[in-house]
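Input: a single structure, listed below in structure tokens.
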Amino acid sequence: MKQKKEKVEMPKFYSLSRILAKNADYNVIFGERSNGKTYATLLYGIKEYLRTGKQMAYIRRWREDLRGKRAESLFSNHVANGVIEDRTNGKFNEVFYVSGKWFLSSYDPETKKRVPDNVPFCFGFCLSEQEHEKSSSYPNITTIVFDEFLTRRYYLPDEFMLYMNLLSTIIRQRNDVKVFMLGNTVNQFCPYFTEMGLKQVRVMEQGTIDIYKFGEHGATVAVEYCSTIVKQ
């Protein structure tokens, strides 16, 4: 079921406010690269953790995306612009990554001592190895971010099923989880659009949000084609 479209003026930076107002279970957001989709969504997860103690999952297709500098720098902009320090009232000033987990942390450059939080605020998952997660439990994750779910290259065999199995592992029987799926381009073939019944994505107008129903329980899916941001 698809609802009426709505248009807005071009923003300076991407904001989640419009799609969050739809109160959807799945939030599919696509548009031009480097418009702030990932930043805004990760910021939402940080705020939720600081407000409620609930954690975030960050999903990528390949393990390489969760290793080394790529993973370590995921929250670097949030650190650089003071979000972490401001939001924690100075208790933390960096994000520390280790073994697939991100921790808020306090680092003293003079003593070179790092004091991370006791628990991670974000866990990393990759679809190519999701089978290893079946026996794990993540009852405090209520924000899920699947970054670059659209690809110009190729999808994994049975990728949509792998994705749904991973979501099932994380969510279990809960109904308090919000899923974000972020992409930069729309290809001729995308298993996610097909499997979720998102039939009008390829003809959407920029700046609009469409609403669908998905699955046997009628989960709400909001699909946003981001407006072009105003370059400063």
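The values are calculated or read from the model by the stated rules, or taken from the named source; none is laboratory data. What you see is a predicted model; the values in this text were computed from it and never measured. Heads up, the Cβs are rebuilt from the backbone with ideal geometry, glycines too, and the neighbour counts pull from every protein chain shown. Each accessible area value is taken on the protein alone, full model and side chains, heavy atoms only, with ligands, DNA and RNA left out. Shrake-Rupley method; radii C 1.70, N 1.55, O 1.52, S 1.80 Å.
Using label points projected 7 Å from each Cα along Cα→Cβ, tell me how many nm separate K113 and K47, to one decimal.
Between K113 and K47, the label points sit 3.4 nm apart.
Using a basic spin-label model with each label point 7 Å from the Cα along Cα→Cβ, how many nm lie between M164 and S99?
Here the modelled spin labels are 3.3 nm apart.
Can you bin the range 61-145 into rounded, prolate or oblate? Criterion: square roots of the alpha carbon gyration tensor eigenvalues sorted a ≥ b ≥ c, rounded for a/c under 1.5, prolate for a/b above b/c, oblate for the rest. Don't jump to the answer; show the numbers that get you there.
Details: a/c = 2.13, a/b = 1.79, b/c = 1.19.
In terms of gyration-tensor shape, prolate.
State the percent of C-alpha pairs, over all pairs in the range 7-90, separated by a distance greater than 22 angstrom. Mind dumping the intermediate values first?
On the way: 1162 of 3486 pairs.
Here the long-distance tail beyond 22 Å is 33 percent of all Cα pairs in the range 7-90.
Figure the gain on full extension for S76 and N187 (residue separation times 0.36 nm, minus the Cα-Cα span) and round it to one decimal in nm. Provide the component values of the computation, followed by the final result.
Numbers: separation 111, 0.36 × 111 = 39.96 nm, distance 2.96 nm.
Result for the pair: 37.0 nm of gain on full extension.
Defining a contact as two alpha carbons under 8 Å apart and six or more residues distant in sequence, what relative contact order in percent does the range 103-232 show?
On the way: 135 pairs, mean separation 24.0, N = 130.
Computed over the range 103-232, the figure is 18 percent.
With contacts defined as alpha carbon pairs under 8 Å and 6 or more residues apart, what's the relative contact order of the chain in percent? Can you show the working numbers first?
Details: 409 pairs, mean separation 77.9, N = 232.
Computed value for the chain: 34 percent relative contact order.
Need one number: nm distance between label points at K91 and I211, each 7 Å from Cα along Cα→Cβ, rounded to one decimal.
For K91 paired with I211, the spin-label model returns 3.7 nm.
Rounded to a whole number, what is D in µm²/s for the range 170-232 from Stokes-Einstein with the Kirkwood radius over alpha-carbon pairs (20 °C, 1.002 mPa s)? Before the final figure, lay out each step's value.
On the way: Rh = 13.6 Å.
The estimated diffusion coefficient comes to 157 µm²/s.
Carbon and sulfur together cover what percent of the accessible area of the range 32-159 at a 1.4 Å probe radius? Intermediate values should be presented prior to the final figure.
Values: 3080 of 6840 Å².
Here carbon and sulfur together make up 45 percent of the probe-accessible area.
Cα axis of helix 159-171 to longest principal axis of the chain: angle in degrees, 0 to 90, nearest 10?
Around 50 degrees separate the two axes.
When Cα extents along the principal axes in Å is calculated directly from the model, which label among (i) 57, 46, 33; (ii) 53, 40, 35; (iii) 56, 39, 31 fits?
Computed from these coordinates, Cα extents along the principal axes in Å corresponds to label (i).
With both partners inside the chain, how many of the DSSP beta bridges are antiparallel, as a percent to the nearest 5? Please report the intermediate quantities before stating the final value.
On the way: 17 of 42 bridges.
About 40 percent, rounded to the nearest 5.
Can you compute log10 of I(q)/I(0) for the range 134-177 with the Debye formula, treating each Cα as one identical point scatterer, at q = 0.30 Å⁻¹?
With one equal scatterer per Cα and no solvent, log10 I(q)/I(0) is -1.15.
Mind checking the angle between helix 37-52 and the chain's longest principal axis? C-alpha axes, 0 to 90 degrees, to the nearest 10.
Approximately 60 degrees, to the nearest ten.
Roughly what percent of Cα-Cα pairs across the range 33-82 reach past 15 Å?
Values: 671 of 1225 pairs.
Cα-Cα pairs of the range 33-82 separated by over 15 Å account for 55 percent.
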